[in-house]
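S.K.: Got a structure here, written out as structure tokens. Questions coming.
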Amino acid sequence: MKQIIAFAGSNSKQSINKQLVSYASSLLQEAEVTVLDLNDFKLPLYGVDLEVESGIPESVNRMIDAIKSADGLIISLAEHNGAYTTVFKNLFDWMSRAEPKTFHNKPMLLMATSPGARGGASVLEIAKDRFPRHDANIVAEFSLPSFYENFSEGKLINTALNTQLLNEVKQLEAAL
């Protein structure tokens with residue numbers, strides 16, 4: 001059985017991106033999914049001096065090992081001020097120092113959602129540009145606009161958007 005690592009680029013306990021990533025993960029037919037919580041990867045703020053003095057934190061190596069052991073990835077990025085959240089950017093910075101090819105060419109479903117009509121479009125564009133430079137193999141993408149109007153009780157309630165997400169999940173499955 002294929003192994004999938006899924007996580008939201010957020011440390012909010014009520015993260016709408018974690019809700020989306022959990023739902024998308026549930027749509028996989030033939031895979032075992034581990035949904036990670038960035039709160040379990042506590043890190044100091046990245047700085048080159050800290051890296052020289054203390055090395056790479058163990059939690060960074062745990063995340064890298066999780067990615068390496070997976071057959072595929074589902075990531076849903078939260079958007080703060082049009083970019084990555086601080087918690088995700090910090091983890092990404094640490095990971096890219098330890099492993100410049102951070103994503104190890106794993107097939108990836110890249111997603112974002114937000115309460116607004118753009119659905120995290122800005123952070124998705126940033127990630128689609130940046131992640132391939134770190135060996136991301138983005139095979140599918142999905143943006144969920146207006147989260148609170150389209151998602152309820154743990155699932156997508158907008159039929160058209162749900163169909164679109166199902167198609168993206170199938171693309172990920174085909175690439176595994």
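S.K.: State whether one or more residues within the range 103-111 are of a type outside the set (A, V, I, L, M) and farther than 24 Å from L144 by Cβ. First the steps, then the outcome.
M.R.: Taking the range 103-111 first, the residues of a type outside the set (A, V, I, L, M) are 103-107.
Adding the requirement that they be farther than 24 Å from L144 by Cβ leaves 104-105.
Yes: the range 103-111 contains one or more residues that are of a type outside the set (A, V, I, L, M) and farther than 24 Å from L144 by Cβ.
S.K.: Further question on the same structure: Among the residues of the range 91-101, are any under 26 Å from Y23 (Cβ atoms), of a type outside the set (S, T, N, Q) and touching a strand residue (DSSP E or B) at 6+ places or on another chain (Cβ under 7 Å)?
M.R.: no
S.K.: Let me ask you something else. Where residues in the range 141-176 are among the charged types (D, E, K, R) and over 15 Å from L109 (Cα atoms), which of them is surrounded by the fewest Cβ atoms within 10 Å (Cβ to Cβ)? Before the answer, list the steps.
M.R.: First, pick out the residues of the range 141-176 that are among the charged types (D, E, K, R): 141, 149, 153, 155, 168, 170, 173.
With the extra rule that they be over 15 Å from L109 (Cα atoms), the set shrinks to 149, 153, 155.
Details: E149: 11, E153: 5, K155: 12.
That would be E153.
S.K.: Of the conditions (1) assigned to a loop (DSSP other than H, G, I, E, B); (2) in contact (Cβ under 8 Å) with a residue 60 or more places away in the chain; (3) crowded, with 22+ Cβ neighbours inside 10 Å, A112 fails just one. Which one is it?
M.R.: So the condition that A112 fails would be (1).
S.K.: Right, another one. Condition test on K170, is it in a helix (DSSP H, G or I), over 20 Å from V33 (Cβ atoms) and of a type in the set (K, R)? Don't jump to the end; show me each part of the working.
M.R.: Values: in a helix (DSSP H, G or I): yes; over 20 Å from V33 (Cβ atoms): no; of a type in the set (K, R): yes.
Against the criterion (in a helix (DSSP H, G or I), over 20 Å from V33 (Cβ atoms) and of a type in the set (K, R)), K170 does not qualify.
S.K.: Please specify each residue of the range 29-61 satisfying the condition of being outside any helix (DSSP H, G or I), in contact with a helix residue (DSSP H, G or I) (Cβ under 9 Å, 6 or more places away or on another chain) and either charged (D, E, K, R) or on the phi > 0 side of the Ramachandran plot (or both).
M.R.: E30, D37, K42
S.K.: Then there is this: So, of the residues in the range 1-18 that are basic (K, R) and in contact with a strand residue (DSSP E or B) (Cβ under 6 Å, 6 or more places away or on another chain), which turns out to be nearest to E153 (Cα to Cα)? Step through it out loud before you land on a result.
M.R.: Taking the range 1-18 as the starting set, the residues that turn out to be basic (K, R) are 2, 13, 18.
Pick out the ones that are also in contact with a strand residue (DSSP E or B) (Cβ under 6 Å, 6 or more places away or on another chain) and you get 2, 18.
Details: K2: 27, K18: 13 Å.
Out of the qualifying residues, it is K18.
S.K.: Looking only at the range 1-28, count how many residues are outside any helix (DSSP H, G or I), touching a helix residue (DSSP H, G or I) at 6+ places or on another chain (Cβ under 9 Å) and not basic (K, R). Steps first, answer last, please.
M.R.: Residues of the range 1-28 outside any helix (DSSP H, G or I): 1-15, 27-28.
Those still in the list that are touching a helix residue (DSSP H, G or I) at 6+ places or on another chain (Cβ under 9 Å) too: 2-13, 15, 27-28.
Subset that is not basic (K, R): 3-12, 15, 27-28.
Within the range 1-28, residues that are outside any helix (DSSP H, G or I), touching a helix residue (DSSP H, G or I) at 6+ places or on another chain (Cβ under 9 Å) and not basic (K, R) number 13.
S.K.: On the given criteria, is Q3 farther than 18 Å from R130 by Cα, at pLDDT below 95 and surrounded by fewer than 23 Cβ atoms within 10 Å (Cβ to Cβ)?
M.R.: So Q3 does not fit the description; no.
S.K.: Filter the range 65-82 down to residues that are in contact with a helix residue (DSSP H, G or I) (Cβ under 6 Å, 6 or more places away or on another chain) and either part of a helix (DSSP H, G or I) or without any contact (Cβ under 8 Å) to a residue 60 or more places away in the chain (or both) and give me whichever is farthest from L43 (Cα to Cα).
M.R.: G82
S.K.: State which residue pairs qualify: first residue exposed (fewer than 13 other Cβ atoms within 10 Å of the Cβ) and inside the range 24-39, second residue part of a loop (DSSP other than H, G, I, E, B) and modelled with pLDDT under 95 in any location, beta carbons under 6 Å apart, and separation of 6 or more residues or different chains.
M.R.: Sorted first by the residue in the range 24-39, then by its partner, the pairs are E32/M1.
S.K.: What is the residue count in the range 149-167 for residues that are in a helix (DSSP H, G or I), touching a helix residue (DSSP H, G or I) at 6+ places or on another chain (Cβ under 8 Å) and not hydrophobic (A, V, I, L, M, F, W, C)?
M.R.: From the range 149-167, those in a helix (DSSP H, G or I) are 149-150, 159-167; that's our starting set.
Narrowing the set further to residues that are touching a helix residue (DSSP H, G or I) at 6+ places or on another chain (Cβ under 8 Å) leaves 150, 161, 165.
So of that shortlist, the ones also not hydrophobic (A, V, I, L, M, F, W, C) come out as 150.
Within the range 149-167, residues that are in a helix (DSSP H, G or I), touching a helix residue (DSSP H, G or I) at 6+ places or on another chain (Cβ under 8 Å) and not hydrophobic (A, V, I, L, M, F, W, C) number 1.
S.K.: Within the range 119-166, how many residues turn out to be more than 18 Å from the chain's Cα centre (by Cα) and without any contact (Cβ under 8 Å) to a residue 12 or more places away in the chain?
M.R.: Adding up the residues that qualify gives 10.
The values are calculated or read from the model by the stated rules, or taken from the named source; none is laboratory data. Please read all numbers here as calculations on a predicted model, not as lab measurements. With ideal geometry, Cβ positions are generated from the backbone for all residues, glycine too; neighbour counts draw on all protein chains shown.
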